[in-house]
Every structure is written in C-alpha cells, then in structure tokens.
1. What distance in nm separates the simple spin-label points at Ala144 and Met187, each placed 7 Å from Cα in the Cβ direction?
2. Nearest 500 deg cm²/dmol is fine: what mean residue ellipticity at 222 nm does the chain get from its DSSP H runs of n ≥ 4 alone, each adding -39,500 (n - 2.57), divided by its residue count?
3. Cα atoms only, segment 1-69: Rg and Dmax in Å?
4. Efficiency by 1/(1 + (r/R0)^6): what FRET value for Ser14 and Val242, r their Cβ-Cβ distance, R0 = 35 Å, to the nearest 0.05?
5. Sum up the charges of everything whose Cβ sits under 11 Å from the Cβ of Asn212, counting Lys and Arg as +1 and Asp and Glu as -1, but leave Asn212 out.
6. Tabulate in residue order the Karplus-calculated ³J(HN,Hα) for segment 118-134, using 6.51 cos²θ - 1.76 cosθ + 1.60 with θ = phi - 60°, rounded to whole Hz; enter x for Gly and Pro.
7. Kindly provide the Kirkwood hydrodynamic radius of segment 1-153 in Å, to one decimal, from all pairs of distinct alpha carbon atoms.
8. Kindly write out, for segment 193-206 in residue order, the coupling ³J(HN,Hα) from the Karplus curve 6.51 cos²θ - 1.76 cosθ + 1.60 (θ = phi - 60°), rounded to whole Hz, with x marking Gly and Pro.
Amino acid sequence: MLVNQLKYDLIMFSRELFYLVFTIIVPPVTYLFMGELFGDSMYAGGLNYAETYTPSFILLITFGVVFFAFGFDQVMNRTTGVEKRISLSPVPKKILLLSNILKSIIITSFGYFLVFFIGMIVYDLSFELLTFLASFGFFILLNAALLIISSAIYSLFTSMNAALVFSIVIFQVGMISGGYAMPVDMMPKFVQTIANFNPLYHMNQLFIAVWNSQFTLDNESLLSIGYILGCVVISLLLLRFVNKMRN
C-alpha cells in the first residue's frame, strides 16, 4: 500500500511544473550561473566556490521541495477538501503522511546527487567516501528538521492563495538571507539581522562545515545547533496545539 501511494505521489509531483521549476530546475541553473560569475573566488575557511556553494544549493533544493511539495501541499489538500476525502478513503492517514515524507526525501536526495555530480563534472569537486556519507547523513537530519518546521508553519494557513504568496516570498527571503545568493557578511546590516533569525542560514553554515570536514563544536556552531533545535521544538508544540484545536 505504501509503495503504491509513494509511486502515485511521485508521479503527481512530476506533473506539477511549478514545483519542478522552483525546486529542481532553478537551483542547479543558478548554481551554474553563479559559478560563471564567482567560480574563481575564495570564501571563508579557504574554501573555493564549489566547496562553499555545492552544499548550499543542495540545501536550497531541499528547502524548496519541503516547503512547496510538502508544506504547501498540506494547505492545498486541506482547503480543497482532499483531506476530508482522504479521511474517508481506505488508505490510512499515517500511510499518506509517511508517503509524503518519503516523497520529499527521495526528491531532495535526487537534488543532492544532481548538484554534487554537476560540481564534480564542472568544478572538479573532489569525492571522499567518508565525508560524503557524513554529509549525506547530516543532510537527512536537516531534511527532518525542515519537514517539521514546514508542517508547523503551513498548519496555520486556511487559504491556498495566502499560502502560495507566502511560499514565493519566503523562498526569496530564505535564498537571500540564507547565504545562497552571496555571503551574508557582504550584505546590508538588515539582511544580516534577518539571517540571524533564519534557520536556513544556520543550517547552511553547519552543512558547509560538515561538507568540508571543518565542523567543530565552537560557540558559533553550538548557537546554530541550539537555534535549529529550538525551532524544531517550537514547531512540534505548535503542531500539537493546532491538531488539538482542529480535533
């Protein structure tokens, strides 16, 4: 039952041009475009463009998939009556939720390997098995955190149009203040302030460090880990509260 539902969810995702453009096409194209502009630049920690922005654009794809194909889908199902019809179907609700989660992980993992292989082919990105496995494991943890945060945020929406506008705006804000367009420390002060409250920025900094085997438990990394965990805990509490109100 789960396999059939997962197959159906993946097919439905592939037919959504809006999702494909924002999550699978735009980030890799932007990765290549920025590489043409800044491919010879050096960044914090003595890292080159590929070492810095390969994990960043993998995380950007993850952000797009989780917020659009997971979070926004929940609002769409709720506002169009699909959720009610699902509750009457023979497929258990837990199966549907698990399928949706697995769908997001499969698509984001595809994005992970896509950007990584582009980096290897175009920018001579090196491959080390242990580092690659550690990075992928950390990537799965970030996936889980984003799924929880996304589910909590979109549980507050009762209008599909409002959720769509929010999704488009938050994608732009997340991309700019998350350090995907350019290093945050090169941006205006107000963007740097927004970045400090953006969990994606903290995820990005940690992922870059893990990706390049530069992760250390210093004050900065502990602050980022604590902030992300705080967002996850708040999201779980919010989900519990919203579910109680609806029941």
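1. It works out to 2.8 nm between the two label points.
2. Numbers: 12 runs with 183 residues, N = 247.
Result for the chain, helices only: -24500 deg cm²/dmol.
3. 15.7, 50
4. Details: r = 30 Å, r/R0 = 0.86.
So, using R0 = 35 Å, E works out to roughly 0.70.
5. Working: positive: none; negative: Glu51, Glu128.
That sum, taken over residues with Cβ under 11 Å, equals -2.
6. 4, x, 5, 6, 8, 10, 6, 5, 6, 10, 10, 4, 5, 5, 4, 5, 5
7. Details: mean 1/r = 0.0597 Å⁻¹.
Averaging 1/r across every pair of different Cα atoms and inverting gives 16.8 Å.
8. Values, residue by residue: 5, 4, 4, 4, 9, 9, x, 5, 5, 5, 4, 4, 5, 5 Hz.
The values are calculated or read from the model by the stated rules, or taken from the named source; none is laboratory data. Just so you know, these numbers come straight off a predicted model, no measurement behind them. With ideal geometry, Cβ positions are generated from the backbone for all residues, glycine too; neighbour counts draw on all protein chains shown. Protein only, heavy atoms only, side chains kept; ligands, DNA and RNA dropped before computing areas. Shrake-Rupley method; radii C 1.70, N 1.55, O 1.52, S 1.80 Å.
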